[in-house]
Amino acid sequence: MQALWGEAVRSVEQRVKPTQRDQWLRPIAYLGFDGSCIRLRAPNRYHKEWFEDHYLPAILSDLQGRTKTALSVTFEVAQEETSKVASYEASEKMTTCAPSAPTVWPSGLDSRYDFDSFVVGNTNRFAYAAARMVAEAPASKYSPLFIYGGVGLGKTHLLHAVGQEIHRQHPEWNITVVTCEKFVSSFISSMLNQRRQSGQTSSVTLMEEFRSRYREAPDVLLVDDIQFLSGKDSSQDEFFHTFNALHHSHKQIVLTCDKVPAELPGVEERLRSRFTWGLIAEIGHPDLETRMAILKRKAEVDNIDLPDDVALTVASRFRSNVRELEGALLHLSARASVHGCTITKEVAEESLKSIASSEPGGLTIEAIQREVASYFEVKLHDLKGPKRHQAVAYPRLIAMYLSRQLTRMSYPEIGSRFGGKDHSTVISAVRKIEKKSAEDSSLRSVLSTLTTRLRQR
Ligand code: ADP
Ligand code: MG
């Protein structure tokens, strides 16, 4: 049902302005479905009423066209003392749903993203364990927890899961969750409006309000996509002080990012080094088994019948991004429901052609190692082994660098293919080659020759 609800919302979204979509549709969270009643959450009561009057009828009419069943909707309202439940009757039949627990849900926290719905596999096990540890004992010694990895691999999911778990254990705590983009834009707008406001007499200025929101109020601060600070000097400075204030008062900070701190361009050293004070955890690309497990879990939640061979077909095709994996499942189930057929391997193969992803051609680390070894005329096992002399150490750095550039492997994964080296060795190899190639044109030409050869394979 979640998938169908998502489709109905998207079809209505296409008919409204992007500003209306962002303001009124996106903040409505889907919480669940109990057979005839859809549960939603609105950020406040006013929002709920506006949504009910202006958008819900169109969404329900679209949805009922798809499901051919009578549906009703109940709301939870996030920012009220007690969650009030209001029903919207979408058919003759009215269904009542039980109201939810009477605690104030931290605004911005997505209830879909919890630990239970996160599938654990080899490449996210450590990040998952670190997040759980922090959620169970916040602000002990692992602050900040810094989760990094590529797009669509579950960073936001884990960030919200930490927030939810802490909220469950400490409902009275202030859990502030914000995207870095939002932090930056509200900082800038507080600063701009502050100037305008300065002529007037006001007891609390906008800047004071902003600072108290992020430096004083939170017991836990969760910031998503911290790489957004790159190149934004004044916002970095503000975040530096936010970080210090919270750290000083032993509050828990969790950050997500698309890179390791050391690789963050345009972020000052004093901030990058603070990001390493606690615990750093990488999420890598999920292996086949994990991708299958994720698909099965999502299918179960959405009540989609997904045979094993179909799961295998989908999981083999979408390798590097869980969001794309989910999108493919949604696509298949929508197609199956429109055509009234079950999803078979043949249907899956045929219909996935239209959303074929742009996965790279499956270049392996082994292939890179062979190419580099033959170019430098060193033995393959020396390249992977522990020898330190220059004749093999230098090609090894290059092979590690190319592995990072040309595959989607994580640092630990690359390290393990080079005779079990630590991820920090790979990071340092990548940085060395980056630095050297900026100064040395002959190295640049070696890299370009090797890259061309590998891409032509
Ligand atoms: P990121 O923030 O890393 O770009 P997200 O956290 O937004 O990625 O994840 C993208 C989608 O994939 C979300 O819907 C999320 O629930 C799902 N997802 C990612 N990893 C997992 C996992 N291990 N188990 C279940 N769902 C996952
Ligand atoms: Mg994210």
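Observations on the model:
- Failed criterion for ASP308 (all others in (1) away from ligand 1 (no atom under 16 Å from the Cβ); (2) over 30 Å from VAL347 (Cα atoms) hold): (2)
- Residue check, SER424 modelled with pLDDT of 90 or more and farther than 24 Å from THR452 by Cβ: yes
- Residue selected from segment 426-442 under the condition buried (at least 17 other Cβ atoms within 10 Å of the Cβ) and under 19 Å from ILE365 (Cβ atoms), by the criterion farthest from the chain's Cα centre (by Cα): ILE433
- Remark: TYR113 matches the filter, which requires a residue to be under 22 Å from LEU31 (Cα atoms) and either at pLDDT below 95 or within 16 Å of ligand 2 (Cβ to nearest atom) (or both).
- Segment 222-234 - residue that is in a helix (DSSP H, G or I) and in contact with a strand residue (DSSP E or B) (Cβ under 6 Å, 6 or more places away or on another chain) and, of those, surrounded by the most Cβ atoms within 10 Å (Cβ to Cβ): ILE226
- For GLU289, the test of being among the charged types (D, E, K, R) and in contact with a Gly (Cβ under 9 Å, 6 or more places away or on another chain) is passed.
- Hits in segment 43-61 - residues which are touching a helix residue (DSSP H, G or I) at 6+ places or on another chain (Cβ under 7 Å) and modelled with pLDDT of 85 or more: ALA58, ILE59
- SER320 surrounded by 17 or more Cβ atoms within 10 Å (Cβ to Cβ) and closer than 24 Å to TYR128 by Cβ: yes
- Residues satisfying the stated conditions in segment 132-146, i.e. within 16 Å of ligand 2 (Cβ to nearest atom) and either closer than 10 Å to ILE283 by Cβ or not aliphatic (A, V, I, L, M) (or both): PHE146
Matching residues to (1) surrounded by 14 or more Cβ atoms within 10 Å (Cβ to Cβ); (2) in contact with a Pro (Cβ under 8 Å, 6 or more places away or on another chain):
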position: TYR375; (1), (2): yes, yes
position: HIS381; (1), (2): no, no
position: TYR401; (1), (2): yes, no
position: THR451; (1), (2): yes, no
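- Scanning segment 131-158 for residues being of a type outside the set (Ser, Thr, Tyr), more than 9 Å from ligand 1 (Cβ to nearest atom) and closer than 17 Å to GLN169 by Cα gives a total of 9.
- Residues in segment 384-391 include none that are under 32 Å from the mean Cα position of the chain (by Cα) and surrounded by 13 or more Cβ atoms within 10 Å (Cβ to Cβ).
- Pairs with Cβ under 8 Å, 6+ apart, first in segment 210-229 and over 24 Å from LEU264 (Cβ atoms), second assigned to a loop (DSSP other than H, G, I, E, B) and away from ligand 2 (no atom under 16 Å from the Cβ): ALA217/ASN174; ASP219/PRO138; ASP219/ALA139; ASP219/HIS170; ASP219/TRP173; ASP219/ASN174; ASP219/LYS251
- Residue match in segment 72-88 (condition: modelled with pLDDT under 80, farther than 28 Å from THR179 by Cα and part of a helix (DSSP H, G or I)): no
- Boolean, ILE188 is surrounded by 21 or more Cβ atoms within 10 Å (Cβ to Cβ), out of contact with any Asp or Glu (no Cβ under 9 Å at 6 or more places or on another chain) and either at pLDDT below 95 or not hydroxyl-bearing (Ser, Thr, Tyr) (or both): no
- Just one residue in the set GLU359, GLU346 is under 30 Å from HIS331 (Cβ atoms), among the acidic types (Asp, Glu), at pLDDT below 85 and exposed (fewer than 14 other Cβ atoms within 10 Å of the Cβ); that residue is GLU359.
- Among residues of segment 147-196, those that are within 14 Å of ligand 2 (Cβ to nearest atom) and not aliphatic (A, V, I, L, M), counted: 14
The values are calculated or read from the model by the stated rules, or taken from the named source; none is laboratory data. No experiment lies behind these values; they were computed from the predicted model shown. Every residue, glycine among them, receives a Cβ derived from its backbone with ideal geometry; neighbour counts consider all protein chains shown.
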